1. So for the stretch 158-174 (the condition being within 22 Å of Leu52 (Cα to Cα), modelled with pLDDT of 95 or more and either in contact with a Lys or Arg (Cβ under 6 Å, 6 or more places away or on another chain) or crowded, with 20+ Cβ neighbours inside 10 Å (or both)), does at least one residue qualify?
2. Restricted to the stretch 160-173, and to residues that are out of contact with any helix residue (DSSP H, G or I) (no Cβ under 6 Å at 6 or more places or on another chain) and in a loop (DSSP other than H, G, I, E, B), which residue is nearest to Leu143 (Cα to Cα)?
3. Which members of the stretch 175-193 meet the condition of being out of contact with any helix residue (DSSP H, G or I) (no Cβ under 8 Å at 6 or more places or on another chain) and in a loop (DSSP other than H, G, I, E, B)?
4. Which residue out of Thr117, Thr94 is among the polar types (S, T, N, Q) and out of contact with any helix residue (DSSP H, G or I) (no Cβ under 7 Å at 6 or more places or on another chain)?
5. How many of the residues making up the stretch 139-161 are of a type outside the set (Val, Ile, Thr) and more than 13 Å from Val181 (Cβ to Cβ)?
6. Being touching a residue at least 60 places away in the same chain (Cβ under 8 Å) and farther than 26 Å from Leu97 by Cβ narrows it down to one of Ala144, Ala204, Ala129, Ala178, so name that one.
7. For the structure I just gave you, tell me whether Glu186 is modelled with pLDDT of 95 or more and over 19 Å from Gly64 (Cα atoms).
Amino acid sequence: MLHSTYFINMKKTILMTTLGLTVTFIILYSCGVGDQKKQESINRDNIGRDSLVRLGGYLTTIIGCNDCHSPKKILANGMSVLDSSLLLSGFPSTRPLPDFPDKPVDDGFVVGNLDATATRGPWGTSFAANLTSDATGIGNWSLARFSIALQHGRFKGIEGARELLPPMPWSNFQKMSAGDVRAIYEYLKSTKPVENNVPAFIPAK
């Protein structure tokens, strides 16, 4: 009987100790993660401009800005590569306007050109904007204006302007940190300026 009571008490002690350690670990880990996230936010706000530009270049790549905003060279096998001389300059104004067929759109499809710089859907035909540091791009934009465009989806970053059109996924960036928005802005402002007046949106017929 004594041995049974002893082992029962030992099990209870081990269980309570384990539970206590687990709770302590969770609290310490949570605090550590919170501190880490806070520290990362602080670091992003205070890093030098060169590091900020590098971060912005990384973010611009992983969120897919080049997918639509950079003209591409089409290879013989139909695949495409970025045109390094026109990076992030949008739909080239030197191209003829695309003549997309009506039927696919009438049937509920969205159509586009091979390098994804022009897209037609129920809204009409939209063209990827020039994001380079040229005046025809975002060269004279403020950070606040850039944030309005990127996170609030307003045309040319102007309050009260129309919403940006598909396929621009601006709603995905609404919760992006201010530090990340600034990094992307600084990167784009550092890009080679490409003079390119992108054609105006063509409304649906």
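The values are calculated or read from the model by the stated rules, or taken from the named source; none is laboratory data. The structure presented is a predicted model; accordingly, all values stated were derived computationally and were not measured. Note that we place each Cβ from the backbone using ideal geometry, even for glycine, and neighbour counts take in every protein chain shown.
1. Looking only at the stretch 158-174, we keep the residues that are within 22 Å of Leu52 (Cα to Cα), and these are 170, 172-174.
Next cut, modelled with pLDDT of 95 or more only: 170, 172-174.
From what is left, the residues that are either in contact with a Lys or Arg (Cβ under 6 Å, 6 or more places away or on another chain) or crowded, with 20+ Cβ neighbours inside 10 Å (or both) are none.
No, there is no match, as no residue in the stretch 158-174 is within 22 Å of Leu52 (Cα to Cα), modelled with pLDDT of 95 or more and either in contact with a Lys or Arg (Cβ under 6 Å, 6 or more places away or on another chain) or crowded, with 20+ Cβ neighbours inside 10 Å (or both).
2. Of the stretch 160-173, the ones out of contact with any helix residue (DSSP H, G or I) (no Cβ under 6 Å at 6 or more places or on another chain) are 160, 163, 165-172.
Add one more test, that the residue is in a loop (DSSP other than H, G, I, E, B), and what stays is 160, 165-169.
Working: Gly160: 17, Leu165: 21, Pro166: 23, Pro167: 23, Met168: 19, Pro169: 19 Å.
So, considering only residues that are out of contact with any helix residue (DSSP H, G or I) (no Cβ under 6 Å at 6 or more places or on another chain) and in a loop (DSSP other than H, G, I, E, B), the one nearest to Leu143 (Cα to Cα) is Gly160.
3. Going through the stretch 175-193, the residues out of contact with any helix residue (DSSP H, G or I) (no Cβ under 8 Å at 6 or more places or on another chain) turn out to be 175, 189, 191-193.
Answer for the stretch 175-193, where residues must be out of contact with any helix residue (DSSP H, G or I) (no Cβ under 8 Å at 6 or more places or on another chain) and in a loop (DSSP other than H, G, I, E, B): Lys175, Thr191, Lys192, Pro193.
4. Details: Thr117 fails: out of contact with any helix residue (DSSP H, G or I) (no Cβ under 7 Å at 6 or more places or on another chain).
None of the other options fit; the residue is Thr94.
5. Narrowing the stretch 139-161 to residues of a type outside the set (Val, Ile, Thr): 139-147, 149-157, 159-161.
So of that shortlist, the ones also more than 13 Å from Val181 (Cβ to Cβ) come out as 139-140, 153-156, 159-161.
Of the residues in the stretch 139-161, 9 are of a type outside the set (Val, Ile, Thr) and more than 13 Å from Val181 (Cβ to Cβ).
6. Details: Ala144 fails: touching a residue at least 60 places away in the same chain (Cβ under 8 Å); Ala204 fails: farther than 26 Å from Leu97 by Cβ; Ala129 fails: farther than 26 Å from Leu97 by Cβ.
Exactly one residue qualifies, and that residue is Ala178.
7. Numbers: modelled with pLDDT of 95 or more: yes; over 19 Å from Gly64 (Cα atoms): no.
No; evaluated as a whole, the condition is false for this residue.
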